[in-house]
Amino acid sequence: MCHRMSLSAHQKRNFLAYLQGSVSCSDGEAMELLWQLRAQRRQSSPELPETVTRLTAPDGSILYLVGTAHFSDSSKKDVATTIRAVQPDVVVVELCQYRVSMLKMDENTLLREAKDINLDKVQQAIKQNGLMSGLMQILLLKVSAHITEQLGMAPGGEFREAFKEAGRVPFCKFHLGDRPIPVTFKRAIAALSLWQKARLAWGLCFLSDPISKEDVEKCKQKDLLEQTMSEMIGEFPALHQTIVAERDIYLTHTLRQATRCVEAPPNAQKVPAVVVGVVGMGHVPGIERNWEKQLNINEIMSVAPPSRFGWVLRTVIKGIMMGMLGYACYRAGGSIGRALMSLPAVQSVLENLRPPPA
């Protein structure tokens, strides 16, 4: 499903107040004037950046798909140029509800957040996604943090630019178009063997290649984060399938939903929509391939229940943690050991060590 964040209500009130303060007219007339004002601003044959792909829906609606690099100033400019030129009805970005907070954070806060991978973040990721998927999320955050540290630039600038520019367009709605990240991580982990998980984790842990801003711009043909991940997961086709190909399908689905006809004031007549989609450059070819296909979203949203082997693996990891805790208790002395063992977190671990029903 497409998650919607309507920006039009606040903008409508501001424009209506302006219009009604300068022109004597009803709300309906003011809305129509506002609609006409946007129509005048919309360019019929805009000159857009080379990173923009134009797709057409069966009902005549138009999608302007902006392919971006997630760590690029020029991508932010491409997004702003496109939205200002076409004055869209809807803007769709490659984010889900779990990552929407980056839209309202300033650059400095995001830089600190990206670099600060602490125990709280690890615990939150594991609680939200489960042990293996949570750890994989932390490792992928480490990749993003590595790029952030190398460039001194926080990710998602093009999405924040889209959010800001959409708020300046009358009647424009803002949609979140990506598959929920917990689903992606859980499906990705389920597709790997234990050995593959270990090899991927090792590669992510020791990522240290230097990256320059010139490298980012060279990667405009393929988003830098996507390219870094593709190079690391190239030997794991199943992982590429879940992280890239399945999200291509999901993004295509939400973009097609956004290109439905819209109602024009004052008589609610249905007219073709104009939509701007903002996605990583690596997703553009897949969206183009899927644009006219019949898509089944249900089959890429399911997550298989954890296997008994997965439970054994989690138990082994927790057992190691308990062994380390026991040794710490021994070294600390009996009274401190008993105090540690009485902590709720420790009791929870002990409770979870019980085997599941057969």
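Bear in mind these aren't lab numbers, they're just calculated from the coordinates by the rules spelled out. Note that the coordinates shown come from a computational prediction; the quantities given were computed from them, not determined experimentally. For neighbour counting, all protein chains shown are included, and Cβ atoms are generated from backbone atoms with ideal geometry for every residue, glycine included.
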- In order through region 76-83: 3J(HN,Hα) via Karplus (6.51 cos²θ - 1.76 cosθ + 1.60), integer Hz, x for Gly, Pro: 4, 5, 4, 5, 4, 4, 5, 5
- Message: With viscosity set to 1.567 mPa s at 4 °C, what whole-number translational diffusion coefficient in µm²/s follows for region 57-105 from Stokes-Einstein and a Kirkwood radius over Cα pairs?
- Response: 102 µm²/s
- Query: Each label point is 7 Å from the Cα along the Cα-to-Cβ direction; what then is the distance between the points at Lys293 and Ser193, in nm?
  - Reply: 2.7 nm
- Query: If Lys and Arg each add +1 and Asp and Glu each add -1, what is the summed charge of the other residues whose beta carbon sits under 9 Å from the beta carbon of Val79?
  - Reply: -2
- With x for Gly and Pro, the residue-by-residue ³J(HN,Hα) of region 36-53, computed from phi through the Karplus equation 6.51 cos²θ - 1.76 cosθ + 1.60 at θ = phi - 60° and given in whole Hz, is 5, 4, 5, 4, 5, 6, 6, 7, 6, 10, x, 8, 10, x, 5, 7, 9, 10
